[in-house]
Amino acid sequence: MKVFRYIFTKALYSFLGVFLILCAIDFSFNFFSEMEDVNDNYTYQDLIIYLLKTEPYRMREFVYLCFVVGFLSLFVDKNFIRAFNTARQAGLNKIMLSALVFAPIAVTNILAYEYLVPELTREAEADRKILLSSKPQEEPVMIEIRRLENNEYLMVSEDTSVTFNDVGELAVKDEFSDSFNNLNYNANLKYLSFSQLATNAQSKFENFNLVVKTEMLRRATNYLSYFIIFLFGLEMLLSFSRNMNINRILIYSFGVCLIYNFVESLVADSISVFGLPFYLQGFPILLVIVYFSIRKRLFF
């Protein structure tokens, strides 16, 4: 029992240490980048409040990175390696042990993003716009154009719906405008909670649907990707520990996480731009197959 407590305590402290450092760096960079917007209406106090409210939203980008870096860094400590091996000898395999350490971080992040982060971020963005703008701005209006049969087109907005063709015939059909009810199309989809995305995924607008479902699948598999990245690093540490020092751990952790983040964004953008099936965003599931295939051949 003491071994497990030692492992979880060290893992938590290491995670929090990396997390606080990255939060401080992120807050500092954003503070200096936002300073140019400070004026009589938007003071430094307003700036700090805005950054504090939006920091949880930005944390979602690196909270799993902190786990990868923090937990892997512990394996340069010989005492921690002994405790980890003792836990494995007691019958708990390395994947299960890592999952138990990772679970509280993942669950906390998922719950925070469902109940706290979206509303806090939208409130901060709305307050900032009011302070920075001298004129009240109207929300943008969403318009979708669909191609119908017989060379006819349908243009739909929240106010009205119009059909027209290449001959010049025009007809107003207001019933299609009801499709805009309860849609969060004016909000950044990344600010919406998972339940709000699920509501929007049932809209009648194919392009909007595609983007929403892609975002939902991205969130559903995001934690899995970083966990597999961690497992690869753990396997390398346990198999080739003599060649792994803290510098190489940091290079691996930051390098692979940044590459994955780039690929994830590239796939999501490609789906939206080229109208590809949204389930392509579930590509991280393939990493599980790759991990177990390589694990049998290279690691022990």
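Less than 5 angstrom separates the built amide H of GLU152 from none of the residues sequence-distant by 5 or more or on a different chain. Think of each Lys and Arg Cβ as +1 and each Asp and Glu Cβ as -1; about the Cα centre, that makes the dipole of the chain roughly 2860 debye. Restricting to Cα pairs below 8 Å that are 6+ residues apart, what does the relative contact order work out to for the chain? Please round to a whole percent. That works out to 17 percent.
On C-alpha positions alone, give me the angle between the axis of helix 78-89 and the longest principal axis of the chain, in degrees, nearest 10. Tilt relative to the chain: about 80 degrees. Inter-label distance, SER265 to THR9: 4.0 nm, where each label sits 7 Å from its Cα along the C-beta direction. For the range 1-148, averaging the sequence separation of C-alpha pairs within contact (under 8 Å, six or more residues apart) and dividing by the residue count gives a relative contact order of 36 percent. Since only TYR6, ASN85, VAL63 are under comparison, the one whose Cα sits farthest along the positive direction of the charge dipole of the chain, derived from C-beta charges on Lys, Arg, Asp and Glu, is ASN85. By the helix-only formula, in which each DSSP H run with n ≥ 4 contributes -39500 (n - 2.57) and the sum is divided by residues, the chain has a 222 nm mean residue ellipticity of -22500 deg cm²/dmol. Can you compute the modelled spin-label distance between TYR153 and PHE27, with each label point 7 Å from Cα toward Cβ, in nm? Each label point lies 7 Å from its Cα, and together they span 5.1 nm. Could you list, in their original order, any pairs among LYS10/LYS53; LYS2/LYS94; LYS129/LYS213 whose Cα atoms are separated by more than 21 Å? Checking Cα-Cα distances, LYS10/LYS53; LYS129/LYS213 exceed 21 Å. Taking P(r) over Cα pairs in 10 Å bins from 0, in percent as calculated from this structure, the corresponding entry among [x] 6, 20, 16, 13, 11, 9, 8, 6, 5, 3, 2, 1, 0; [y] 6, 29, 39, 22, 4, 0, 0; [z] 5, 21, 26, 22, 14, 8, 3, 1, 0 is [z]. Taking Cα atoms only, the orientation of helix 246-274 departs from the longest principal axis of the chain by about 20 degrees. Helix 94-115 versus the longest principal axis of the chain: what is the Cα-based angle in degrees, 0 to 90, to the nearest 10? Compared with the principal axis, the helix lies near 30 degrees.
Comparing SER195, SER265, SER33 in a Gaussian network model of the chain where C-alpha atoms under 10 Å apart are linked, the largest mean-square fluctuation is found at SER33.
Taking the centroid of alpha carbons for each part, the range 201-267 and the range 49-86 are 15 Å apart. Using +1 at the C-beta of Lys and Arg and -1 at the C-beta of Asp and Glu, which of LEU170, LEU250, THR108 has the Cα lying farthest in the positive direction of the dipole of the chain? In the chain, that residue is LEU250. Distance between the pseudo-spin-label points of ASN41 and LEU16 (7 Å out from Cα toward the beta carbon): 4.1 nm.
If I take R0 = 45 Å and measure r between the Cβ atoms of SER133 and PHE283 in this structure, what FRET efficiency does the formula 1/(1 + (r/R0)^6) give, to the nearest 0.05? Don't skip to the end; give the middle numbers.
On the way: r = 40 Å, r/R0 = 0.89.
Between SER133 and PHE283 the formula returns 0.65.
Remind me, relative contact order of the range 229-300 in percent, using alpha carbon pairs under 8 angstrom and six or more residues apart?
On the way: 22 pairs, mean separation 29.9, N = 72.
Once divided by the residue count of the range 229-300, the mean separation gives 41 percent.
What does the charge count around LEU47 come to, taking other residues whose C-beta lies under 12 Å from its C-beta (Lys +1, Arg +1, Asp -1, Glu -1)? Around LEU47, the charge tally is -3.
Taken together, the values in this text are just the output of simple stated rules run on the coordinates, not laboratory data. Everything numeric in this text was worked out from a predicted model, so none of it was measured. Don't worry about glycine lacking a Cβ; one is built from the backbone with ideal geometry, like all the others, and counts go over all protein chains shown.
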